[in-house]
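A.B. asks: My questions will all concern the structure given below.
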Amino acid sequence: MIEAAAYILIGGQSRRFGSPKWKARIGNETVLNRILYSCKEFETQQLVGKYRPSEYKVPFIQDRHKIQAPIIGLHTALQQSKHDWNLIISCDLPLMTNSIMDRLWGKRETGSDVIIPVVNDMLQTTCAFYHRKLLDLCKAGIQNNMLSLNDLVRASTYIEVDFSDQTDAFLNMNTKEDLVSIKKKLLCS
């Protein structure tokens, strides 16, 4: 059991994708179901977004900010969380696995604020553990229109975990073409 909360961000506008990404199907399951399965070891799982998906019984937190950005989902989650550590994961990472979650969780250290995957020197900000003590920094960033999760991470004490050997797990699904590529990768594995 991972003694943390998993917050799945489902609130993006999906302009390039054309429909809610979490509803996209890979085989016989939705992207959201795949991500929920990758977070099955967490004490709690919650969805964060603008609107509650009626077909899911998973607890939901509505983010009430007008701005659409992952930092808004993080802020909403940290405001509600009763856990020190909180996974923020975007619904556009359908190849995420629970073994990645376990490996990240195993790297936590006293004094750190973020445990973050790195793939080919790029921080994976929408699949990271954030400590609750970042709430004030997150709020200040939003108030000052500094909405980059990269900037928030770099302003904190963070631990990088290299996943350059698992780049496929971090493929970001932004378009229907990305979904087709992801499905092909699954067929080949």
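A.B. asks: From the list Leu95, Leu87, which residue is in contact with a helix residue (DSSP H, G or I) (Cβ under 6 Å, 6 or more places away or on another chain), of a type in the set (A, V, I, L, M, F, W, C) and under 19 Å from Phe163 (Cβ atoms)?
C.D. replies: After applying the criteria, what remains is Leu95.
A.B. asks: Return the pairs, sorted by first residue and then second, in which the second residue is part of a helix (DSSP H, G or I), the first residue lies in segment 97-114 and is touching a residue at least 60 places away in the same chain (Cβ under 8 Å), the beta carbons are less than 8 Å apart, and the residues are 6+ apart or on different chains.
C.D. replies: Correct list of pairs: Thr97/Ser38; Thr97/Ala169; Asn98/Tyr37; Asn98/Ser38; Ile100/Ser38; Ile100/Gln166; Ile100/Ala169; Met101/Ser38.
A.B. asks: Can you tell me which of Thr175, Thr126 is in contact with a Pro (Cβ under 6 Å, 6 or more places away or on another chain) and closer than 18 Å to Leu95 by Cα? Quick ask: steps written out before the conclusion?
C.D. replies: Numbers: Thr175 fails: in contact with a Pro (Cβ under 6 Å, 6 or more places away or on another chain).
Selected residue: Thr126, the only one of Thr175, Thr126 that is in contact with a Pro (Cβ under 6 Å, 6 or more places away or on another chain) and closer than 18 Å to Leu95 by Cα.
A.B. asks: Taking strands (runs of 3 or more DSSP E) that do not extend beyond segment 91-178, which have at least 3 residues that are closer than 19 Å to Gly11 by Cα? I'd like the intermediate steps shown before the answer.
C.D. replies: Working: elements: 114-119, 127-131, 158-162.
In segment 91-178, the matching strands (runs of 3 or more DSSP E) lie at 127-131.
A.B. asks: Among the residues of segment 45-55, count how many are over 10 Å from Ile10 (Cα atoms) and surrounded by fewer than 16 Cβ atoms within 10 Å (Cβ to Cβ).
C.D. replies: Looking only at that region, the number is 2.
A.B. asks: Could you run through segment 104-122 and say how many residues are touching a Pro at 6+ places or on another chain (Cβ under 9 Å) and open to solvent by 20 Å² or more (accessible area, probe 1.4 Å)? Talk me through it step by step, then tell me what you get.
C.D. replies: Within segment 104-122, the subset touching a Pro at 6+ places or on another chain (Cβ under 9 Å) is 104.
Pick out the ones that are also open to solvent by 20 Å² or more (accessible area, probe 1.4 Å) and you get none.
Number satisfying all stated conditions: 0.
A.B. asks: Quick check on this structure: which one of Ile35, Ile67, Ile8, Ile72 is within 16 Å of Thr126 (Cβ to Cβ) and exposed (fewer than 14 other Cβ atoms within 10 Å of the Cβ)? First the steps, then the outcome.
C.D. replies: Values: Ile35 fails: exposed (fewer than 14 other Cβ atoms within 10 Å of the Cβ); Ile8 fails: exposed (fewer than 14 other Cβ atoms within 10 Å of the Cβ); Ile72 fails: exposed (fewer than 14 other Cβ atoms within 10 Å of the Cβ).
The unique qualifying residue is Ile67.
The values are calculated or read from the model by the stated rules, or taken from the named source; none is laboratory data. What you see is a predicted model; the values in this text were computed from it and never measured. Quick reminder, even Gly has a Cβ in these numbers, built from the backbone with ideal geometry, and neighbours come from all protein chains shown. Just the protein is used for accessible areas: all its heavy atoms, side chains included, with ligands, DNA and RNA removed. Shrake-Rupley method; radii C 1.70, N 1.55, O 1.52, S 1.80 Å.
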